[in-house]
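Inspection log for the structure reproduced underneath, given as structure tokens.
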Amino acid sequence: MSRLEELIAELCPDGVPFIPISEIGTLRRGKRFVHADAVDKGIPCIHYGELYTYYGISTVTTKSFVREDLASKLRYAHRSDVIIVGAGENDTDIGIGVAYLGDNEVAIHDACYILSHNMDPQYISYCLRTDAYHKQIKKYVSSGKICSISAEGIGKAVIPVPPVPVQSEIVKILDNFTELTAELTAELTAELTARKKQYEYYRDKLMTFGVFVEEPSNCVWRTLGEVCVTISSGKAKTKENYGPYPVYGSTGIIAHTNTAPYDKVKILVARVGANAGYTHLAHGKYDVSDNTLMLDVKAEYNLKYIYYQLVNANLHQYAKGGGQPLVTAGQIKKVQVPIPPLPIQERIVTILDRFDTLCNDLTSGLPAEIEARQKQYEYYRDKLLAFSQADGSRERRFP
């Protein structure tokens with residue numbers, strides 16, 4: 001019998017209570033600060049966007065700082081508080097938590113909530129990443145250009161609350177499993193990175209006709225304004241009804257909708273923000289937000305060839321503005337690309353498609369192995385956090 005099984009048999013043999021988050025502690029919303037308030041050294045702070053991209057289950061330090069003269073206007077988290085994200089461009093990760101284990105107070109952005117409680121903070125953080133929890137809060141997430149959830153919505157979700165020794169033992173197991181998974185994933189990622197660098201090398205050479213294909217004498221240069229029928233942006237999205245069709249924004253798919261005004265394959269270029277200039281293809285039926293440009297390539301050109309040229313061109317270099325970089329349709333129309341005869345365009349696309357499949361196809365190779373490791377971790381995490389209710393029933397009574 002494992003240590004965890006011994007603790008469960010001793011401390012909660014008849015199951016554990018499932019308690020709403022609003023009853024296990026208090027939820028407070030952070031206070032607003034903006035990009036212009038950031039400094040290299042000042043008051044430690046956590047911005048809501050960093051909960052998606054930077055922090056894991058817990059942290060003892062912060063990545064960012066804000067001006068010290070804002071001290072009286074901010075709201076702070078303290079040791080053992082859990083920081084819960086309350087807004088984002090999609091509803092996938094809204095509601096995840098990060099346990100703050102540092103000794104100094106830390107300012108929290110107003111798109112986050114501070115949960116103060118008497119439980120193991122890392123245990124709560126793990127609970128806030130399970131499928132069971134996210135299925136509960138999904139109905140309380142408001143969709144739109146920015147998705148959000150209220151403290152009341154988060155507070156209605158229930159999580160299992162075993163005795164603290166059981167919580168701590170689960171944290172120990174998951175921490176060890178997380179570390180092992182991270183090590184294995186790091187090894188696979190390093191190999192995949194090497195393959196991608198090889199792919200990028202040959203892609204860059206192909207795009208300048210340096211490998212496999214010599215530049216033909218009748219290769220011409222055309223602006224994207226000449227290559228495309230139109231270059232236009234999507235329309236602002238204020239409210240999305242969940243449906244089968246993806247809505248593309250500056251960070252990729254940001255929502256789903258019941259209406260799909262586009263069904264032609266187009267090149268999409270992120271127009272605004274940190275991803276300005278990022279290029280990808282949209283297939284099937286979809287919608288596009290006003291944060292994204294659509295390039296409708298003329299039929300006489302190989303669309304995939306133009307796409308690869310734009311990826312190679314690094315359109316982010318044309319972004320202007322510090323806090324909110326912007327790429328305009330006017331700038332994109334002036335970008336020039338080399339246009340060889342159509343058979344050579346097709347040959348280049350065939351070669352690059354093979355490299356791309358090798359590096360990026362999640363159904364085979366290293367990316368699939370990385371994905372499998374992550375799914376395995378999530379499966380065991382959710383299993384560890386699946387308890388019988390205290391009444392002996394395994395049926396969970398969610399609100």
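Per-structure values
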item	result
Spans of strands (runs of 3 or more DSSP E) in region 251-309 with at least 1 residues over 23 Å from S148 (Cα atoms) and either of a type in the set (S, T, N, Q) or modelled with pLDDT under 90 (or both)	279-282
Residue match in region 233-240 (condition: more than 22 Å from the chain's Cα centre (by Cα), over 15 Å from N90 (Cβ atoms) and in a loop (DSSP other than H, G, I, E, B))	yes
Condition check for T230: assigned to a strand (DSSP E or B), open to solvent by 60 Å² or more (accessible area, probe 1.4 Å) and either without any contact (Cβ under 8 Å) to a residue 12 or more places away in the chain or not acidic (D, E) (or both)	yes
Test: I370 is at pLDDT 85 or above and in a helix (DSSP H, G or I)	no
Residues (open to solvent by 60 Å² or more (accessible area, probe 1.4 Å), more than 18 Å from D131 (Cα to Cα) and either in a loop (DSSP other than H, G, I, E, B) or not basic (K, R) (or both)) located in region 48-100	T53, Y54, V60, T61, K63, R67, E68, D69, S72, R75, H78, R79
Unmet criterion (only one of (1) open to solvent by less than 10 Å² (accessible area, probe 1.4 Å); (2) within 15 Å of I332 (Cβ to Cβ)) for S289	(2)
Checking R222 against (1) farther than 30 Å from C127 by Cα; (2) loosely packed, with under 12 Cβ neighbours inside 10 Å; (3) modelled with pLDDT of 80 or more, the condition it does not meet	(2)
Complete set of residues in region 293-327 that are closer than 23 Å to R222 by Cβ, under 21 Å from the mean Cα position of the chain (by Cα) and open to solvent by less than 40 Å² (accessible area, probe 1.4 Å)	L293
Hits in region 18-37 (condition: in contact with a strand residue (DSSP E or B) (Cβ under 6 Å, 6 or more places away or on another chain) and among the small types (G, A, S))	G25, G30
Positions within region 125-159 being closer than 20 Å to S80 by Cβ and without any contact (Cβ under 8 Å) to a residue 60 or more places away in the chain, in sequence order	L128, Y133
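The values are calculated or read from the model by the stated rules, or taken from the named source; none is laboratory data. Here the structure is a predicted model, which means the values were calculated and not measured. Every residue, glycine as well, gets a Cβ built from its backbone with ideal geometry; the counts of neighbours run over all protein chains shown. We work out accessible area using only protein heavy atoms, side chains counted, and drop any ligands, DNA or RNA first. Shrake-Rupley method; radii C 1.70, N 1.55, O 1.52, S 1.80 Å.
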